[in-house]
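Presented below is the structure to which this report refers.
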Amino acid sequence: QVQFVESGGGLVQPGGSLRLSCVVSGSIFNLYVMGWYRQAPGKQRELVAVTTNGGGTNYADSVKGRFIISRDNAKNTVYLQMSSLKFENTAIYLCYVASRGGGFWGQGTQVTVSS
């Protein structure tokens, strides 16, 4: 069983910043991929950013230069620093991890960008 503790979401004005955190625990090892996806109302789930245990990263084009993903392997934690937030960034942000046992999803944290 895999447990997620996601935090850091909330309400922010356009141009503001938020930092999401996701702590993963349970029967899961060698998290070779950790990252974030998001799902807005009426839209498909989409990649935001992922990072591998080798240090590689991949970002959605729409967030490049504004979001930074990082991870602390010792703490099984992945972070997403979001800056210059826009209205269209409003969504539920879901933590995702992958290991040899498969891929697993967190329950998500709401990010709302509104004036």
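The values are calculated or read from the model by the stated rules, or taken from the named source; none is laboratory data. Remember, it's a predicted structure, so these values are computed and weren't measured experimentally. Cβ placement follows ideal geometry from the backbone for every residue including glycine, while neighbour counts extend to all protein chains displayed. All accessible areas refer to the heavy atoms of the entire protein, side chains included, with ligands and DNA or RNA removed. Shrake-Rupley method; radii C 1.70, N 1.55, O 1.52, S 1.80 Å.
Some points to look at:
- The string of couplings for the stretch 70-87 from the Karplus curve (6.51, -1.76, 1.60, θ = phi - 60°) is 8, 9, 10, 5, 5, 9, 6, 10, 10, 10, 9, 8, 10, 10, 6, 5, 10, 3 Hz, one whole number per residue in order, with x for Gly and Pro.
- Partners of residue 64 within straight-line reach, counting aspartates and glutamates whose Cα lies under 17 Å from its Cα and excluding those fewer than 8 residues away in the same chain: 46, 88.
- The chain, accessible area per residue, ligands and nucleic acids excluded (1.4 Å, Å²): 53
- Cα-based values for the stretch 1-52, radius of gyration first and Dmax second, are 13.4, 39 Å.
- Spatial separation of Cα centroids for the stretch 1-23 and the stretch 31-96, in angstrom: 10
- Stretch in the chain that is longest and holds no trypsin sites (Lys or Arg not before Pro) that DSSP places in a loop and that have at most 16 other beta carbons within 10 Å: 1-42
- Amide H contacts of residue 90 (H built 1.01 Å from N, under 5 Å, at least 5 apart or other chain): 113
- The chain - percent of accessible surface contributed by carbon and sulfur, probe 1.4 Å: 49
- Debye intensity ratio I(q)/I(0), log10, the chain, q values 0.17, 0.22, 0.23 Å⁻¹ (C-alpha model): -0.75, -1.23, -1.33
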